[in-house]
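Novice: Before I ask anything, here is the structure I am working with.
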Amino acid sequence: MSLDVSPQLLAEAENGEVREQDFVETVRTSLPYAYDLIARLASELRAGTAEFADNQTPPPSENERGQLLRALSSDAIRGSLERHFGIALAFQNCHRVAAFRPEDRGGETHIRFTSLRSQILNQSPEFRDC
């Protein structure tokens, strides 16, 4: 299970729509490494002038790597985090996550980061099992 869903949130979902802030809070507490990493990238992006902020440091353990992979592989989680932090996420390998300003999605730098060429150039043998 990737999220620790409270009985209250489960009841909300069973009865209709879920408030996104409640969902994001569940993500924060269930996947703290992924949430904190994305929060840090969003903060770095807002504080700087670079076109994006990215992480190139591998997670400290497989548990943290799993959190990151679960967060970014779920459309609902990824989309909620993007809206919550006001960013557009891009993902290349087991840990290279980048935060872009939403208006830069589809721009030259974003396209270059998400290109086939960049994907290939960011591979190495140690990423095969991640």
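Novice: Would you check if Arg78 is closer than 21 Å to Asp4 by Cβ, among the basic types (Lys, Arg), open to solvent by less than 50 Å² (accessible area, probe 1.4 Å) and outside any loop (DSSP other than H, G, I, E, B)? Break it down into steps so the answer makes sense when it comes.
Specialist: Working: closer than 21 Å to Asp4 by Cβ: yes; among the basic types (Lys, Arg): yes; open to solvent by less than 50 Å² (accessible area, probe 1.4 Å): no; outside any loop (DSSP other than H, G, I, E, B): yes.
Spelling it out, it is not the case that Arg78 is closer than 21 Å to Asp4 by Cβ, among the basic types (Lys, Arg), open to solvent by less than 50 Å² (accessible area, probe 1.4 Å) and outside any loop (DSSP other than H, G, I, E, B).
Novice: Residues in the range 50-64: is at least one more than 25 Å from Asn93 (Cβ to Cβ), modelled with pLDDT under 95 and part of a loop (DSSP other than H, G, I, E, B)? First the steps, then the outcome.
Specialist: Step one: of the range 50-64, the residues more than 25 Å from Asn93 (Cβ to Cβ) are none.
No, the conditions are met nowhere in the range 50-64.
Novice: If Leu10 satisfies all but one of (1) part of a loop (DSSP other than H, G, I, E, B); (2) of a type in the set (A, V, I, L, M, F, W, C); (3) open to solvent by 50 Å² or more (accessible area, probe 1.4 Å), what's the number of the condition it fails?
Specialist: The failed condition is (1).
Novice: Just give me the residues in the range 81-103 being assigned to a helix (DSSP H, G or I) and open to solvent by 10 Å² or more (accessible area, probe 1.4 Å), in sequence order.
Specialist: Glu82, Arg83, His84, Phe85, Pro102, Glu103
Novice: Quick one: would you say Ile77 is touching a Ser or Thr at 6+ places or on another chain (Cβ under 9 Å), closer than 21 Å to Asp22 by Cβ and either of a type in the set (D, E, K, R) or in contact (Cβ under 8 Å) with a residue 40 or more places away in the chain (or both)? Before you say what the answer is, go through the steps one by one.
Specialist: Values: touching a Ser or Thr at 6+ places or on another chain (Cβ under 9 Å): yes; closer than 21 Å to Asp22 by Cβ: yes; either of a type in the set (D, E, K, R) or in contact (Cβ under 8 Å) with a residue 40 or more places away in the chain (or both): yes.
Taking the combined requirement at face value, the residue satisfies it.
Novice: Let me ask something else. Return only the number of the condition from (1) without any contact (Cβ under 8 Å) to a residue 24 or more places away in the chain; (2) surrounded by 12 or more Cβ atoms within 10 Å (Cβ to Cβ); (3) more than 11 Å from the chain's Cα centre (by Cα) that Leu45 does not satisfy.
Specialist: The failed condition is (1).
Novice: Which of the residues spanning the range 24-37 are open to solvent by less than 40 Å² (accessible area, probe 1.4 Å) and in a helix (DSSP H, G or I)? So that I can check it myself, show each step before the final result.
Specialist: So the first thing to find is which residues in the range 24-37 are open to solvent by less than 40 Å² (accessible area, probe 1.4 Å), and the list is 24, 26-27, 30-31, 34-35, 37.
Of everything in the range 24-37, those that are open to solvent by less than 40 Å² (accessible area, probe 1.4 Å) and in a helix (DSSP H, G or I) turn out to be Val24, Thr26, Val27, Ser30, Ala34, Tyr35, Leu37.
Novice: From the set of residues in the range 73-130 that are of a type in the set (Ser, Thr, Tyr) and out of contact with any Lys or Arg (no Cβ under 7 Å at 6 or more places or on another chain), which is modelled with the highest pLDDT? Steps first, answer last, please.
Specialist: Looking only at the range 73-130, we keep the residues that are of a type in the set (Ser, Thr, Tyr), and these are 73-74, 80, 109, 114-115, 118, 124.
If we keep only those that are out of contact with any Lys or Arg (no Cβ under 7 Å at 6 or more places or on another chain) too, we end up with 73-74, 80, 109, 114-115, 124.
Working: Ser73: 92, Ser74: 93, Ser80: 97, Thr109: 87, Thr114: 77, Ser115: 76, Ser124: 63.
Only one residue tops the list, namely Ser80.
The values are calculated or read from the model by the stated rules, or taken from the named source; none is laboratory data. Just so it is clear, the model here is predicted, and its values are computed rather than measured. Here Cβ is always computed from backbone atoms with ideal geometry, including for glycine, and neighbour counts include all displayed protein chains. Please note that ligands, DNA and RNA were not included when accessible areas were found on the heavy atoms of the full protein model with its side chains. Shrake-Rupley method; radii C 1.70, N 1.55, O 1.52, S 1.80 Å.
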